[in-house]
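Input: a single structure, listed below in structure tokens.
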Amino acid sequence: MEVYSIDECFCNLTGMDALYSWYELGHKLKEDVFRCAHLPVGVGISSTKTLAKLANHAAKTWKKTRGVVDLSSPSRQKKLMALVPVGEVWGIGRKLAKRLNQSGIETALDLSRLPTSQARKLYSVVLERTVRELNGESCLQLEDIAPAKQQIICSRSFGHKVVDYELVRQSVCAFAERAAEKLREEKQYCRLVSLWVQSSHFSHHEPHYYRQETQALIYPTQDTREIIKAAVALFDRLWLPNVKYSKSGILLTEFSPSGQVQLNLFESGHRFRKSGELMQTIDRINRGKGAIWFAGQGIQSQSALWKMKQRFLSPRWTTQFSDIPVVKC
């Protein structure tokens, strides 16, 4: 099985048709997920990943499918591809869809009929693979191990517009801390820290403000203290008074695996001593709780002034006293 995203995965069903029809198997998967996780899902089944994505798109789009589409038959594949715009095909972005439309390729079926040599010559080898996949030739294998991330982003829109320096700075520290946690989860060190702040795009009465800066670290790090320090230094360069800020964000890039940290010739290495142990201890205490945080984030009553609005959170019956149901009799 390949976990493709937070709410999507690919499964190899080879041999399962000896036990069930594909349609029956799809409904069994759908029912099992709902019974165990209480989540409605769509199931698309076909011979390639691209066709399976297409089938899944149909399962989620058309209610008559009841959430399951078996696209193993070539005739059914062509029938569905004739109905689906080329922009809905997996891997076809807006710009590429526009170029294809200009060439007379409007649907997934039109794309499947594009000669593979022409797809490679005029567009790319990636599009050639897509064309082959639409014709039932499997070119994309399941990735059992997710590839290492190339970047980590942590960003949120504020619940209210903020003009206070200290409050925006607190958001920067909070996002830097969360990004550092994610970095350690990936077992990576980062060398570049980028930060941006902006006002709302939708405010017609004030000029829009957006700025981004990047800072290279002297040494790759996964230490929250180093990342917060770099983020705050960037923020001081970006800060402009009297702007109604609506969002901030941090980006970590240029990763290297844990343990491959090259020190300066004259660096004693003392600044990194016990850093790993300290971060591991903090992560272990914070796991799912957020019990310890860096002071730069401020206290909870202050962070409520910039944190995003969350009006429809599921009740936390087992961890929050205020959410425990009250029964009166």
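Laboratory data are not the source of any read-out in this text; all were calculated from the coordinates shown. Given the structure is predicted, the values throughout are model-derived calculations rather than measurements. Note that we place each Cβ from the backbone using ideal geometry, even for glycine, and neighbour counts take in every protein chain shown.
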- [ ] Can you tell me how much longer the chain between Arg94 and Asp236 gets when fully stretched, taken as 0.36 nm per residue apart minus their C-alpha distance, in nm with one decimal?
- [x] 47.5 nm
TODO: Note the full-extension length gain between Arg284 and Leu19 as 0.36 nm times their separation in residues minus their Cα-Cα distance, in nm to one decimal.
DONE: 91.0 nm
Task: Packing-based exposure ordering (other Cβ within 10 Å, fewest first) of Leu167, Leu142 - done: Leu142, Leu167
Open item on the list: Pick from Tyr189, Tyr20, Tyr209 the residue whose mean-square fluctuation is largest in a GNM of the chain, springs joining Cα atoms under 10 Å.
Closed with: Tyr20
Open item on the list: Please compute one quarter of the surface area of the Cα convex hull for region 25-79 and express it in square nanometres.
Closed with: 3.7 nm²
Task: Helical contribution to [θ] at 222 nm, DSSP H n ≥ 4, -39,500 (n - 2.57), averaged over the chain, rounded to 500 - done: -11000 deg cm²/dmol
TODO: List the extent of the Cα atoms of region 76-127 along each of their three principal axes, largest first, rounded to whole Å.
DONE: 29, 21, 19
Open item on the list: How large is log10 of I(q)/I(0) for region 2-134 at q = 0.11, 0.18, 0.19 Å⁻¹ when the intensity is taken from the Debye formula with one equal scatterer per alpha-carbon?
Closed with: -0.42, -1.00, -1.08
Task: Global form of region 88-227, assessed from the alpha-carbon gyration tensor, a/c cut-off 1.5 - done: oblate
- [ ] Set the Förster radius R0 to 22 Å, insert the Cβ-Cβ distance between His204 and His160 as r into 1/(1 + (r/R0)^6), and round the FRET efficiency to 0.05.
- [x] 0.75
Open item on the list: Please check: in the Gaussian network model of the chain (C-alpha springs, under 10 Å), which one of Leu71, Leu192, Leu122 has the largest mean-square fluctuation.
Closed with: Leu122
Task: Cα-based Rg / Dmax (Å) for the chain - done: 25.1, 75
TODO: For region 98-140, just say rounded, prolate or oblate: build the C-alpha gyration tensor, square-root its eigenvalues into a ≥ b ≥ c, call rounded for a/c under 1.5, and beyond that prolate if a/b exceeds b/c, oblate if not.
DONE: oblate
TODO: Have a look at the DSSP beta bridges in the chain and tell me what percent are antiparallel, nearest 5.
DONE: 90 percent
